């Protein structure tokens, strides 16, 4: 079971909620906590997910970044794993920067929807233990992100 809540305080970006929910469900259904794609032939895991996505602007994400991570800068996404010790239950909170998504999409030459989907994908993959702290790990994570985004009709963002 996957429960998804999406709130949008930054209204300047058009959000296809149904498509975003499909993306979130796809990631939860296809990845495990050890960076290995889930074998869907085995059947769906019994993990319950509660996922909250907040779409904010530069000012709001800077405030959150400073308050919780002690970084006084704008970023694209921040993800929190708020899960407690209960097995088979995950609670993730993502804050994504809609204002930055528009700017980066224009710069990269694709739709802002695709950029926003990238931020959601990136945050969720971090919650599934993906790491981008080195060039090699970042390259692997970006490849996975492009595969997911292409599979779900957003298109490749990095290539």
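The values are calculated or read from the model by the stated rules, or taken from the named source; none is laboratory data. Worth saying up front: this structure is predicted, and the values here are computed from it rather than measured. Cβ atoms come from the backbone with ideal geometry, glycine included; neighbour counts cover every protein chain shown.
Answer yes or no as to whether residue 99 is more than 13 Å from the chain's Cα centre (by Cα), in a helix (DSSP H, G or I) and over 16 Å from residue 51 (Cα atoms).
In short, yes.
What do you reckon, is residue 48 at pLDDT below 95, crowded, with 19+ Cβ neighbours inside 10 Å, closer than 20 Å to residue 2 by Cβ and touching a strand residue (DSSP E or B) at 6+ places or on another chain (Cβ under 6 Å)? Even if it seems obvious, please write down each step before you answer.
Values: at pLDDT below 95: yes; crowded, with 19+ Cβ neighbours inside 10 Å: no; closer than 20 Å to residue 2 by Cβ: yes; touching a strand residue (DSSP E or B) at 6+ places or on another chain (Cβ under 6 Å): yes.
Here the answer is no, as residue 48 does not meet what is asked.
Among the residues of region 63-70, is any outside any loop (DSSP other than H, G, I, E, B), at pLDDT 95 or above and touching a helix residue (DSSP H, G or I) at 6+ places or on another chain (Cβ under 9 Å)?
Within region 63-70, none of the residues are outside any loop (DSSP other than H, G, I, E, B), at pLDDT 95 or above and touching a helix residue (DSSP H, G or I) at 6+ places or on another chain (Cβ under 9 Å).
Filter region 61-96 for residues that are within 16 Å of the chain's Cα centre (by Cα), surrounded by 13 or more Cβ atoms within 10 Å (Cβ to Cβ) and under 14 Å from residue 50 (Cα atoms) and give the result.
79, 80, 81, 90, 91, 92, 93, 94
Any residue that is modelled with pLDDT of 90 or more and assigned to a strand (DSSP E or B) - is there at least one of those in region 21-34?
no
Count, please, the residues in region 102-128 that happen to be assigned to a loop (DSSP other than H, G, I, E, B) and either surrounded by 20 or more Cβ atoms within 10 Å (Cβ to Cβ) or touching a residue at least 60 places away in the same chain (Cβ under 8 Å) (or both).
1
Just name the residue that is surrounded by the most Cβ atoms within 10 Å (Cβ to Cβ) out of those in region 145-159 that are at negative phi and not in a helix (DSSP H, G or I).
The initial filter retains those residues of region 145-159 that are at negative phi, namely 145-152, 154, 156-159.
Filter once more, so that each one left must be not in a helix (DSSP H, G or I): 152, 154, 156-159.
Working: 152: 18, 154: 24, 156: 14, 157: 21, 158: 12, 159: 8.
Among them, the one singled out is 154.
Contact list please: Cβ distance under 9 Å, first residue in region 129-144 and in contact (Cβ under 8 Å) with a residue 24 or more places away in the chain and on the phi < 0 side of the Ramachandran plot, second residue assigned to a loop (DSSP other than H, G, I, E, B) and surrounded by 13 or more Cβ atoms within 10 Å (Cβ to Cβ), pairs at least six apart or on different chains.
Final answer for the pair search is 130/35.
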